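Structure, as structure tokens:
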Amino acid sequence: MTLRLYPRSLGGQLLAMLLLALVVTQGLGYVLAADERSRALRSALGLEAAGRAANVALLLDDAPAELHASILRSASSPLVSFTLGPDAMVAKDSADTAAFIARMRQILGAATREVRADVHARAPLPVMAPPGFPAAMRAMHEGMISDQAESLELALSIRLAQGNWLNVRTLFDRPDLQVSQQALLPLALMAAAVALVALVTARRVVGPMRALAAGADRLGRGLDADPLPLTGPTEVRETTQAFNRMQDRLTRFVTERTHLLAAINHDLRSPLTAMRLRLEMLDETEDTDRLCALVDEMQEMVEATLAFARGAAQAEPAATVDLATVLAELAVDAGAGKASFAPSAPVVATVRPNALNRALRNLIDNAIRYGDAAQITLTREPGAARITIADTGPGLPEDQLQAVFEPFVRFETSRSRDTGGAGLGLAIARTIVQAHGGEVHLHNRQEGGLEAVLRLPLGAS
């Protein structure tokens, strides 16, 4: 299982990006501050070494030659060495040494005194302890040197009055990055402030977007949803307003089409009834029987079309029902031996009861009409109910399993031609199931027959 570190929600992503930006900027700030601190410390150490070297040079100028060795030995330490020689150890001044040179000239009191300085990075010196240094301290010094990753070396050369050169070499570490509790406190406060701002911002954006998603889901299940309130930022308000306009147009469109079909049904019902009465007054012949059948078929098509349109409107309120009880009652209504329902534990769902009953009845009647019997099962899946209605008929060609859901589509060539119907049963069933947020599919069974599989969300409305 892959661990997802990046949050999926908008609020989580906003918080993650803000915290990442805070960590990056503060990290760069700490690096820059540490580098500035390192520079300041190097400068302080360098100025101290330069001042010390200048004072030793003045002392050597005034002391007799036999005391020079003692002076150099006393001035040296494990990290600073003082030597005399005919040549200067530093051939050329390096960058950033003007302050050291100025410090030495200031102490020497001679602007013309020749001094040189060089700063460079190098590996730690093995041991710079002077002769006679205690063995215990020498081992400690070697341990300190071995732990150093990289050091800076400051080399100084001062010409003495006797003409020879005082060469000074000092080694000091690059300061490590140090983060104190006082430095972490502002970062923690800023992180808390960023999290608070991200939370408030996410709520202002995510809240209306979640309401918009819920409204779109309700619109897909029924056109009786109320307009969404206009809240949140301007862009979200504009999106919500556009959604409300779309919902209003769809509602009016479906309502107008339903009213139109109702008017057509009303207008056709009277002449069809009159035709039926006139045919019954005539002598019974083969032609009159045929005309009566045609009138009945037209009446059925008109009623089915109106029912299909009304089913799309979905004005029925939702209610909580036990699907096991509903299916058991439908199996009983179908008649003994025609439908069987396998016992099932209660599965509670929020549905439009009348509409769902009609969809299930259409599927059960379809299985009985074309497959002799309906075998009904109910199982519960995560967040959904799975209803299976199987028959033992001849099934359907694979390329026709989806086409039979279209209005007025019938495949009587593969089933009995005496079944009747207007070809709207499966279309109505699919429309109702989809309005509940579910789905229905047909499959040919391996053992023969057709199987209708219906998945219905338990929280559908």
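Overview of values
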read-out	value
Segment 435-451 - phi-based ³J(HN,Hα) in whole Hz, Karplus 6.51/-1.76/1.60, Gly and Pro as x	5, 8, x, x, 8, 9, 9, 10, 9, 7, 7, 5, 7, x, x, 10, 10
Amide hydrogen neighbours beyond the local backbone of Ala385, cut-off 5 Å, H modeled	Leu456, Leu458
Most to least packed among 286-296, 75-85, 357-367 [average Cβ atoms within 10 Å]	357-367, 75-85, 286-296
Residue-count net charge about Thr388 - beta-carbon cut-off 15 Å; Lys, Arg +1, Asp, Glu -1	-1
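Just so you know, all these numbers are worked out from the coordinates, no wet-lab data involved. Predicted model, so just to flag it, every value in this text is computed and none were measured. Note: ideal-geometry Cβ built from the backbone for every residue, glycine included; neighbour counts use all protein chains shown.
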